[in-house]
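**Student:** Submitted below is the structure of interest, expressed as structure tokens.
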Amino acid sequence: MDKKQLIAKLDREGILPADDLAQLLRGLDSEETELLSGCARRKAVSLYGKSVYIRGIVEFTNYCRNDCRYCGIRRSNTRADRYRLSKNEILSACEGGYRSGFRTFVLQGGEDMHYTDSDICEIVKAIKDRWPECAVTLSIGERSRSGYESYYAAGADRFLLRQETSSPSHYAYLHPETMSLANRKRCLDDLKDIGYQTGCGIMVGSPGQTIENIVQDLLYMKDFVPHMIGIGPFIPHKDTPFANEPAGDAGLCLRVLSITRLMLPKVLLPSTTALGTAVSDGRLQGILAGANVIMPNITPPRGRCRYILYDGQIGTEGDTQEDLKRIGDDLKSIGYFADMGRGDSIM
Ligand code: 5AD
């Protein structure tokens, strides 16, 4: 089968043998690329219309106990200027977000054990008390099952935790010895089992990643059936061991997004900040490749200028209002619109 036939088959059946997925990932000419993204885009539109869900991210701490080799807020980066937001600062960020129309708040941070399980529960409860119609998403890394259960009981609706890679040896190359893919998967299984709308995902083009690794990730995700999948290109950060590694290929990232949409049609798929950083209209290209979520930053300035995961990260100085306006205008220019509703999973 030629690549166009493979794309048509993937569109019809939602799966391809590993070797065929690898072929599509390795490279497509412009006609094939348009065919793949067109299929993915039509699939997204058939389920979600031309709406793109908007979520507000609050980056509430950049302290992290982990030492991931790719990440700008890794523990051993002594040049990272650390901060924590208080519960009140987090609530006022949500307040501002609410007034701008946001109905999903994503609390994201490094793995900062300063916030105990009961602190997290208190924060979640306070948000849900004040805005019961809003969804709360946590993105705070690996915790115990009982911790996850307590946040869920406190009202958290969703949880994002990228597996980063589905290959144990590649995982070990990206992460310190204290971390393992097995534990990451344990967390993801627990989260889904507890009842969270669960998100996983990967970086595209992280150091040491092969095309076969990406295929493994696609097959893992097809099998896991997450509600959300975060995919963005790797971008080096100057104060990490991967400072001199090349950034991930944006074209490859777009192909991974499209293939993901065809393999998991209903999944919530953000067009990520990293993609928007890698290419100037990256977030729009992501939507045109089948993504259907954009997550602007609603962190107060004191935090957002310090929460730097990679070089050139966009949205670290902008203002939410302006950002929202630009996203709305950009989406309109391609015939889409920003949907500020909760946007729950339809799985
Ligand atoms: N480049 C791109 N993405 C990164 N992340 C962390 N560091 C980088 C980087 N250098 C991603 C990880 C993490 C998410 C919050 O940000 O995939 O899960």
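The values are calculated or read from the model by the stated rules, or taken from the named source; none is laboratory data. In this text the structure is predicted, and so the values were computed from the model without any measurement. With ideal geometry, Cβ positions are generated from the backbone for all residues, glycine too; neighbour counts draw on all protein chains shown. When the accessible area is computed, the model is the full protein with side chains, heavy atoms only, and any ligands, DNA or RNA have been set aside. Shrake-Rupley method; radii C 1.70, N 1.55, O 1.52, S 1.80 Å.
**Student:** Take the residues of region 153-167 that are more than 16 Å from the ligand (Cβ to nearest atom) and within 23 Å of MET221 (Cα to Cα): which is surrounded by the most Cβ atoms within 10 Å (Cβ to Cβ)?
**Tutor:** Initially, region 153-167 is screened for residues more than 16 Å from the ligand (Cβ to nearest atom), giving 153-157.
When the remaining residues are screened for being within 23 Å of MET221 (Cα to Cα), the result is 156-157.
On the way: ALA156: 27, ASP157: 21.
Selected residue: ALA156.
**Student:** Confirm whether ASP223 is outside any loop (DSSP other than H, G, I, E, B), acidic (Asp, Glu) and over 16 Å from the mean Cα position of the chain (by Cα).
**Tutor:** yes
**Student:** Restricting the first residue to region 267-282 and requiring it to be under 12 Å from GLY315 (Cα atoms), which pairs with a second residue that is among the acidic types (Asp, Glu) and not in a helix (DSSP H, G or I) meet a Cβ separation below 9 Å and a spacing of at least six or different chains?
**Tutor:** THR277/ASP311
**Student:** Filter region 177-217 for residues that are closer than 17 Å to GLY286 by Cβ, aliphatic (A, V, I, L, M) and open to solvent by less than 10 Å² (accessible area, probe 1.4 Å) and give the result.
**Tutor:** Result: ILE202, VAL204, ILE214.
**Student:** On to the next question. How many residues are part of a helix (DSSP H, G or I) and within 23 Å of GLY201 (Cβ to Cβ) when one looks only at region 138-148?
**Tutor:** Going residue by residue through region 138-148, those that are part of a helix (DSSP H, G or I) are 145-148.
This time we only want the ones that are within 23 Å of GLY201 (Cβ to Cβ), so: 145, 147-148.
Residues that pass the stated criteria total 3.
**Student:** Among the candidates THR33, THR61, which residue alone is within 23 Å of GLN163 (Cα to Cα) and modelled with pLDDT of 95 or more? Lay out the reasoning, then the answer.
**Tutor:** On the way: THR33 fails: within 23 Å of GLN163 (Cα to Cα).
None of the other options fit; the residue is THR61.
**Student:** Which number in (1) in contact with a strand residue (DSSP E or B) (Cβ under 7 Å, 6 or more places away or on another chain); (2) more than 14 Å from the ligand (Cβ to nearest atom) marks the one condition that ALA172 misses?
**Tutor:** Exception for ALA172: condition (1).
**Student:** Only residues in region 314-341 that are open to solvent by 30 Å² or more (accessible area, probe 1.4 Å) count as the first member; pair them with residues that are among the aromatic types (Phe, Trp, Tyr), Cβ under 8 angstrom, at least 6 apart or cross-chain, and list the lot.
**Tutor:** ASP339/TYR53; MET340/PHE102
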